[in-house]
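The values are calculated or read from the model by the stated rules, or taken from the named source; none is laboratory data. Keep in mind that this is a model prediction, so the values were computed, not measured. Positions of Cβ are generated from backbone atoms using ideal geometry, with glycine treated the same way; all protein chains shown enter the neighbour counts.
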Amino acid sequence: MRPFRSTLDSRLGEETATPRPTVRRERAVKTPRPDHRARGSLIGRLGQVDVRNGPEFRLYDRHTGWATVVTCDAERRGALAAALGETVIAAGELWRDEHGKPQRLELTGLRVIDQDDLPSVADVSGIAPNFTGGLSSEEYVRQLRDGV
């Protein structure tokens, strides 16, 4: 397979070379790199267990649904197994891919979140009435972005 394919750019009427995706490039994107590692935490539902490579758990992000592989030492396995199916905050060494998507977490701390303890929108509305200093939310965010 040639690494490039020739395409016709209809707007210019010219032929251009477009790189083809390769297996090597796809693997490079999916493999977490050591330079994309930092302490971090994730919130999500603890799901699936894979025992082929030692116990690996999957944590499904509560906003995106993306699965992150969670590994831990032997002394934390019991707590992790007991939390299966629960919404948790998992903290530890977090690897992300080049797009910032979490790939793997080496667990150092785990806390089960009781959904009844989380505040509702009604509980937090009005908690900071003058947060923007009288500016509209659009003006406030614009000033933050501009560094004013």
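Determine whether Ala81 is at pLDDT below 85, out of contact with any strand residue (DSSP E or B) (no Cβ under 7 Å at 6 or more places or on another chain), outside any strand (DSSP E or B) and surrounded by 12 or more Cβ atoms within 10 Å (Cβ to Cβ). Criteria not met by Ala81. One residue alone among Glu106, Glu86 is among the acidic types (Asp, Glu), touching a Gly at 6+ places or on another chain (Cβ under 8 Å), modelled with pLDDT of 90 or more and surrounded by 10 or more Cβ atoms within 10 Å (Cβ to Cβ), and that residue is Glu106. Would it be correct to say that Pro102 is free of Cβ contacts under 8 Å to residues at least 12 places away in the same chain and either within 18 Å of Arg45 (Cα to Cα) or out of contact with any His (no Cβ under 7 Å at 6 or more places or on another chain) (or both)? No; evaluated as a whole, the condition is false for this residue. Return yes when Glu93 is over 15 Å from Tyr60 (Cβ atoms), assigned to a strand (DSSP E or B) and touching a residue at least 12 places away in the same chain (Cβ under 8 Å) and no when it is not. So Glu93 passes the test. Only residues that are over 11 Å from the mean Cα position of the chain (by Cα) and among the aromatic types (Phe, Trp, Tyr) were counted across region 53-71, and they come to 1. Filter region 109-144 for residues that are part of a helix (DSSP H, G or I) and among the polar types (S, T, N, Q); which is modelled with the highest pLDDT? The qualifying residue modelled with the highest pLDDT is Gln143.
Selection over region 51-103 of residues that are touching a Pro at 6+ places or on another chain (Cβ under 7 Å) and at positive phi gives a count of 0. Considering only residues in region 61-76 that are surrounded by 16 or more Cβ atoms within 10 Å (Cβ to Cβ) and not hydrophobic (A, V, I, L, M, F, W, C), the one that is nearest to Asp50 (Cα to Cα) turns out to be Thr71.
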